[in-house]
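Chemist: Quick one: structure below, then a few questions.
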Amino acid sequence: MAEHPWQTPDSNDDSDPLAAILPDWSDPDSDEEDFRSDFFRGNAGRRKKAAVTLMMIWGSVIALHLVSWGIWLVVALTGIIGVNILRLTLAKPQAQPQPLTDDHLATASSVALVVAAKNEEAVVERLVRQLCAVDYPQTHYDVWIIDDASTDRTPEILDRLAQEIPQLQVVHRPPNAGGGKSGALNQIIPQIDRDVIAVFDADALVGRDLLRHVMPMFADEQMGAVQVRKAIANASENFWTKGQDLEMCLDSYFQQQRIAIGGIGELRGNGQFVRRSALVRCGNWNEETITDDLDLTIRLHLDRWNIGFCLSPAIAEEGVTQAKALWHQRSRWAEGGYQRYLDYWRLIIQNRMGALKTWDLLCFVVLQYLLPTAAIPDLLMVILRHQAPVLSPLSALVFTFIGIGWMTGLTRIQGRPAIANLGLLITQLIRGYTYMFHWLVVMPATTARMAVRRKRLKWVKTVHGGSSLSVQS
């Protein structure tokens, strides 16, 4: 992993780090502006919030072991969340709009295709040529590549391509420009006059028909953003890449089902399309977070926008091939995921999203973030008191839900029932469960680290090798 540090106020400072740089949205005559002014006020004091969260998790689990009726509280919680999971399982995903035909291209929305690149000489030319060759009217899209002070041949490659391709816009940022990826993206927003801004990672593999499939989804005026399904282009390389491919399959299932019941769709960075007006109204990309996509997800929903999901075609990307690289990447994702809840928890519990989205979000906070962390004190109490794990009903529910998600997700992606090849399905499930075990280590470790360690924010980029890959359908 290559780290790209950037200077910010200490995340433990109780002052508001964005107060000096954000515009004043406190006009009392505008509900919209008052609402937006609240977005960034919770960014301070993350360490204290993480410490309180950690103590509450440990205290609650220990208390459940010490009282005779603790298991029944867990059974009740399992039943409540189980109702939501049953709704998710039975929901029919929303149909994807028909792709744009040639007759409708002239009136289609315009889009800016944007990439923030730092030291991407191995992959950037391939992506630029793919983006500049998409099957969409050239008058309706342009391509922006932001070179974030690269020290390899990336600037040279981009300048050469800019001379060759008229629609390519290259922006070079100076060293120490600040803001990491979010800062790079924010820098060009004033220069973009397109309806939609699409963000790609430098290692993305993009099919020519992608825009024809995605842009019709913005016909819905409440559609603030669309996330395209991600696939692992080098999935066959080893255990870790195969696991990541199954993980993306599971994520696509969760995305579709959550949206189907009125829950929240989430952005995943690579292959995210954002309505420009929604982005600006929400304050652009947050330069005080390490996962700009997860942070923007919350702010869009708080502002009552919807986020859609495009199942096909997929955006392919390189999966990390080593356990150490996977650990660093997933730790960053976990920390960014926690940050958004620590920053916006007051707005979330005020039901700014609406009841369905708030409930969906809370259920997944419990399952994705709190339960893995709670497993540590649960295990310790099992050892010390020789009792059964008190969280076993909830864990069993999650285990079953994940299995259903994999079977259904594989069926949708492959276009045939996953159970048709029972041997292969069993192999995939065993591999998937084994691979996903790393989250049981990443989540509690990240929670503890956030609670005790002083640090400055930093953006960490994944090194891309530019191996021979193909676009996934």
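The values are calculated or read from the model by the stated rules, or taken from the named source; none is laboratory data. Just so it is clear, the structure is predicted and the values come from calculations on it, not from any experiment. Please note: Cβ atoms are built from the backbone with ideal geometry, for glycine as well, and neighbour counts cover all protein chains shown.
Chemist: Of the residues in the stretch 38-81, how many are in a helix (DSSP H, G or I), more than 13 Å from Gln339 (Cβ to Cβ) and among the small types (Gly, Ala, Ser)?
Modeler: Going through the stretch 38-81 one residue at a time, the tally reaches 7.
Chemist: Sticking with this structure for a sec: Would you tally the residues in the stretch 365-400 being assigned to a loop (DSSP other than H, G, I, E, B) and surrounded by fewer than 19 Cβ atoms within 10 Å (Cβ to Cβ)?
Modeler: Total meeting the criteria: 4.
Chemist: Looking at this structure, is Gly403 surrounded by fewer than 19 Cβ atoms within 10 Å (Cβ to Cβ), on the phi > 0 side of the Ramachandran plot and not acidic (Asp, Glu)?
Modeler: It is false that Gly403 is surrounded by fewer than 19 Cβ atoms within 10 Å (Cβ to Cβ), on the phi > 0 side of the Ramachandran plot and not acidic (Asp, Glu).
Chemist: Could you list, in sequence order, all residues of the stretch 142-164 that are outside any loop (DSSP other than H, G, I, E, B) and either closer than 26 Å to Leu105 by Cα or of a type in the set (S, T, N, Q) (or both)?
Modeler: Across the stretch 142-164, the qualifying residues are Asp142, Val143, Trp144, Ile145, Thr154, Ala162, Gln163, Glu164.
Chemist: Which residues, counting only those in the stretch 139-163, are under 19 Å from Ala122 (Cα atoms) and of a type in the set (D, E, K, R)?
Modeler: Listed by number, the residues that qualify are Asp147, Asp148, Asp152, Arg153, Glu156, Asp159, Arg160.
Chemist: Can you tell me which residue within the stretch 364-419, out of those that are of a type in the set (Val, Ile, Thr) and farther than 19 Å from Ala91 by Cα, is modelled with the lowest pLDDT?
Modeler: Ile419
Chemist: A follow-up question, please. Anything in the stretch 151-208 that is more than 19 Å from Glu288 (Cα to Cα), within 25 Å of the chain's Cα centre (by Cα) and among the hydrophobic types (A, V, I, L, M, F, W, C)? List them, or say none.
Modeler: Ile192, Val196, Ile197, Ala198, Phe200, Ala202, Ala204, Leu205, Val206
Chemist: Let me ask another. Please go through the stretch 216-242 and pick out each residue that is part of a loop (DSSP other than H, G, I, E, B) and either touching a residue at least 40 places away in the same chain (Cβ under 8 Å) or within 20 Å of His438 (Cα to Cα) (or both).
Modeler: Asp220, Gln222, Ala233, Asn234, Ala235, Ser236, Glu237, Asn238, listed by residue number.
Chemist: Let me ask something else. Looking only at residues that are among the charged types (D, E, K, R) and crowded, with 21+ Cβ neighbours inside 10 Å in the stretch 291-314, which one is farthest from Ala116 (Cα to Cα)?
Modeler: Arg299
Chemist: Of all the residues that make up the stretch 324-360, how many are under 21 Å from Gly243 (Cβ atoms), out of contact with any Ser or Thr (no Cβ under 8 Å at 6 or more places or on another chain) and not aliphatic (A, V, I, L, M)?
Modeler: 4
Chemist: Any residue at all in the stretch 165-179 that is assigned to a helix (DSSP H, G or I) and of a type in the set (A, V, I, L, M)?
Modeler: Among the residues of the stretch 165-179, not one is assigned to a helix (DSSP H, G or I) and of a type in the set (A, V, I, L, M), which makes the answer no.
Chemist: Continuing with this model, one more query. Which members of the stretch 199-230 meet the condition of being surrounded by 24 or more Cβ atoms within 10 Å (Cβ to Cβ) and over 30 Å from Ser150 (Cβ atoms)?
Modeler: If the condition is that a residue be surrounded by 24 or more Cβ atoms within 10 Å (Cβ to Cβ) and over 30 Å from Ser150 (Cβ atoms), then Met215, Gly224 are the ones that fit.
Chemist: Filter the stretch 243-264 down to the residues that are buried (at least 24 other Cβ atoms within 10 Å of the Cβ) and not in a helix (DSSP H, G or I) and list them by number.
Modeler: Of everything in the stretch 243-264, just one residue is buried (at least 24 other Cβ atoms within 10 Å of the Cβ) and not in a helix (DSSP H, G or I), namely Gly263.
Chemist: Another question, if that's okay. State whether the residues of the stretch 369-388 include one that is basic (Lys, Arg) and under 19 Å from the mean Cα position of the chain (by Cα).
Modeler: The answer is no, given that none of the residues of the stretch 369-388 is basic (Lys, Arg) and under 19 Å from the mean Cα position of the chain (by Cα).
Chemist: Condition first: of a type in the set (D, E, K, R), surrounded by fewer than 18 Cβ atoms within 10 Å (Cβ to Cβ) and outside any helix (DSSP H, G or I). Can you find one or more residues in the stretch 133-141 that meet it?
Modeler: Checked against the condition, which is being of a type in the set (D, E, K, R), surrounded by fewer than 18 Cβ atoms within 10 Å (Cβ to Cβ) and outside any helix (DSSP H, G or I), the stretch 133-141 yields at least one hit.
Chemist: Could you list, in sequence order, all residues of the stretch 302-335 that are in contact (Cβ under 8 Å) with a residue 60 or more places away in the chain, closer than 25 Å to Gly409 by Cβ and part of a helix (DSSP H, G or I)?
Modeler: Ala323, Ala325, Leu326, Trp327, Gln329, Arg330, Ser331, Arg332, Ala334
Chemist: Sticking with this one: What residue, among those in the stretch 270-297 that are of a type in the set (D, E, K, R) and in a loop (DSSP other than H, G, I, E, B), is nearest to Asp195 (Cα to Cα)?
Modeler: The qualifying residue nearest to Asp195 (Cα to Cα) is Glu287.
Chemist: Test Val74 against the stated conditions and say whether it is hydrophobic (A, V, I, L, M, F, W, C), surrounded by 16 or more Cβ atoms within 10 Å (Cβ to Cβ), touching a residue at least 60 places away in the same chain (Cβ under 8 Å) and within 19 Å of Tyr136 (Cα to Cα).
Modeler: No; evaluated as a whole, the condition is false for this residue.
Okay, residues lined up against (1) modelled with pLDDT under 95; (2) not acidic (Asp, Glu):
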position: Pro175; (1), (2): yes, yes
position: Ile188; (1), (2): yes, yes
position: Asp193; (1), (2): yes, no
position: Ile197; (1), (2): no, yes
position: Met215; (1), (2): no, yes
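Chemist: Quick one: Asp343 ticks every box in (1) in contact with a helix residue (DSSP H, G or I) (Cβ under 7 Å, 6 or more places away or on another chain); (2) crowded, with 24+ Cβ neighbours inside 10 Å; (3) over 24 Å from Lys48 (Cα atoms) bar one, so which box is it?
Modeler: The single condition Asp343 does not satisfy is (3).
Chemist: Kindly list the number of the only condition in (1) without any contact (Cβ under 8 Å) to a residue 12 or more places away in the chain; (2) of a type outside the set (Phe, Trp, Tyr); (3) touching a Ser or Thr at 6+ places or on another chain (Cβ under 6 Å) that fails for Asp103.
Modeler: The failed condition is (3).
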